[in-house]
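Contents: one structure, followed by commentary.
The values are calculated or read from the model by the stated rules, or taken from the named source; none is laboratory data. Computed from a predicted model, the values in this text were never measured in an experiment. Glycine also receives a Cβ, built like all others from the backbone with ideal geometry; neighbour counts cover every protein chain displayed.
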4 protein chains.
Amino acid sequence: MSPANTNFANEVRKSFARQSLMRLIGADLSLVEPGVVEIILRYRADLTQQNGYVHAGIVTAIADTACGYAAFTLMPAGSAVLSVEFKVNLLRPAAGETFLAHAEVIKPGKTLTVVRADVFALNGSKRTLVATMQGTMICLPTMPETRHEPSSSR
Amino acid sequence: MSPANTNFANEVRKSFARQSLMRLIGADLSLVEPGVVEIILRYRADLTQQNGYVHAGIVTAIADTACGYAAFTLMPAGSAVLSVEFKVNLLRPAAGETFLAHAEVIKPGKTLTVVRADVFALNGSKRTLVATMQGTMICLPTMPETRHEPSSSR
Amino acid sequence: MSPANTNFANEVRKSFARQSLMRLIGADLSLVEPGVVEIILRYRADLTQQNGYVHAGIVTAIADTACGYAAFTLMPAGSAVLSVEFKVNLLRPAAGETFLAHAEVIKPGKTLTVVRADVFALNGSKRTLVATMQGTMICLPTMPETRHEPSSSR
Amino acid sequence: MSPANTNFANEVRKSFARQSLMRLIGADLSLVEPGVVEIILRYRADLTQQNGYVHAGIVTAIADTACGYAAFTLMPAGSAVLSVEFKVNLLRPAAGETFLAHAEVIKPGKTLTVVRADVFALNGSKRTLVATMQGTMICLPTMPETRHEPSSSR
């Protein structure tokens, strides 16, 4: 898939840097290519549910962010991306040292882009699929000014 | 729906207290009844995505936790609950002072319980539906020992 | 919810009459109101899966059609509606004399409308929830000519 | 993935033959391998929605049946399979001469098996992805007697 915006990688990185949740949980972008984005997260005890596994909401957060930016890489310059919906199957407990969300565009579109993400637990050289997401992202031609300035909007 | 475990409210509260993610994001249980659980979250700038809205992963985290415990209220004593899958439609940007996830059991079952959660943004006296989840929870008769001791399992 | 198109009920009925699948399976529109549509289907042995229950694809067909038209009732005159995605939880075997799909708009929108449908099995005076759908419909300002003439497009 | 039941292909074919809906719509099994099942459907005007495309319910019917049997190939002899839930993204209008549903097991399990199906429209030598399903199937150790004899249960 060929990007409409040759500056897509920079725009993804700038937007990701504004996601304060990614900073809070310690997630990083590890790959940005046309239609494909990966995010890495290290296990932390404060990200877990009652059994000590990484919480499904955090697994979803990195999968959703990877999906949104995978879609965004193919959108025209000046666009904004929002999640419309996603479905997650939790395949195995999210136990591991590190987690990798790998997202790919299945079907790009002018308005709607359908994406998929797999989330793997990495333990040494072992890679285990722990969750898979299928979702829809929407391209907004431009975001209203106030949305870029959340402090003034509240 | 009548609970199989008369101590369900205590067990939900004890399990919720072990979810370190809920502590990290500042979420609290606000209602625990048979088949119904509510969770409250206050807006914080460090929980947001690139436009200053609360991140879909955090909206999902409170909806999923509410769904899991709504299912758990109807399970026999000694059970454990895990999320099998969920689907989330993000209806409006998650902008607000406070967020309420309200989860209800649609269909209880010995193994699988189907649940729904609505997430509302609360602004003063105004309540706006921002997301809705439909998901499946599984009842495990008992959790393996090591899962209750996450520190020893890593 | 107030319809943008005062002729919505006629347009739903005309469009439904063009759904040849509904004729094949014997489904009928039983309610058309702003944001709400119901479809009735009678049990037939040729609509079943391997255990004699109505096939999940048929349960989905009536739920999806009801969802699409529930969204369509709120769209401007001259619009077309297509399904973007849906998720179905199959709660109980679809066993019954008659099936009712009741769809409601959760969140109308200029482009995307989020809908929900419950499918009930009716046995005498007993009504059992057998499936629930959560989905997204898209409003297309006009359909390309050829789409209205399927025979010429193949 | 290695099948627990060496007779899996026969059992899939026997069960498929009992799905009277597949006969009604003219669908056929075209591939049965461990963890993978394909179903072929020819376009028929009586399977369409209002614009002449194959109805989403029919697309879902072949995807769901392929998913169920893909899961079933890996289940022990004597098991029964039922659909728990599925999510379908409709990527393009289902226009074509023939449709192929290709289902694969993502994660087999003793109770729950997670599956994915892609549905392609085939036009001459061109193959277009029109829908994708992500779902969950459940293995029932044995089905109650009456479920195998649908005529006696109604």
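Quick notes on this structure:
- Of the residues making up the stretch D:14-33, those that are part of a helix (DSSP H, G or I) and polar (S, T, N, Q) are D:S15, D:S20.
- Every residue from the stretch C:75-100 that is more than 9 Å from chain D (Cβ to nearest Cβ), surrounded by fewer than 22 Cβ atoms within 10 Å (Cβ to Cβ) and in a loop (DSSP other than H, G, I, E, B): C:P76, C:A77, C:G78, C:S79, C:L91, C:R92
- Enumeration of residues in the stretch A:54-74 that are over 14 Å from A:F16 (Cα atoms) and either in contact (Cβ under 8 Å) with a residue 40 or more places away in the chain or part of a strand (DSSP E or B) (or both): A:V54, A:A56, A:V59, A:T60, A:L74
- Residue within the stretch D:1-13 that is of a type in the set (A, V, I, L, M), over 21 Å from D:N89 (Cβ atoms) and at pLDDT 95 or above present: yes
- Pairs where the first residue, in the stretch A:102-129, is within 17 Å of A:M75 (Cβ to Cβ) and the second is among the aromatic types (F, W, Y) and crowded, with 21+ Cβ neighbours inside 10 Å, C-beta under 9 Å, 6+ apart: A:A103/A:Y69; A:T113/A:F72; A:V115/A:F86
- Scanning the stretch C:46-65 for residues that are under 14 Å from C:V130 (Cβ atoms) and more than 7 Å from chain D (Cβ to nearest Cβ) yields C:Y53, C:V54, C:V59, C:I62, C:A63.
- Within the stretch B:101-133, the set of residues being closer than 19 Å to C:Q134 by Cβ, among the hydrophobic types (A, V, I, L, M, F, W, C) and more than 13 Å from chain C (Cβ to nearest Cβ) comprises B:A101, B:A103.
- Enumeration of residues in the stretch A:34-53 that are closer than 12 Å to A:A95 by Cα and not in a strand (DSSP E or B): A:Y43, A:R44, A:A45, A:L47, A:Q49, A:N51, A:G52, A:Y53
- Restricting attention to the stretch D:1-38, the residues that are of a type in the set (V, I, T), closer than 24 Å to D:T111 by Cα and in contact (Cβ under 8 Å) with a residue 24 or more places away in the chain total 4.
- Among the residues making up the stretch C:117-136, those that are in contact with a His (Cβ under 9 Å, 6 or more places away or on another chain) and either of a type outside the set (V, I, T) or over 24 Å from A:K87 (Cβ atoms) (or both) are C:A117, C:D118, C:F120.
- All positions within the stretch C:107-129 that are in a strand (DSSP E or B), surrounded by fewer than 21 Cβ atoms within 10 Å (Cβ to Cβ) and either over 13 Å from the mean Cα position of the chain (by Cα) or on the phi > 0 side of the Ramachandran plot (or both): C:K107, C:F120, C:L122, C:N123, C:K126, C:R127, C:T128, C:L129
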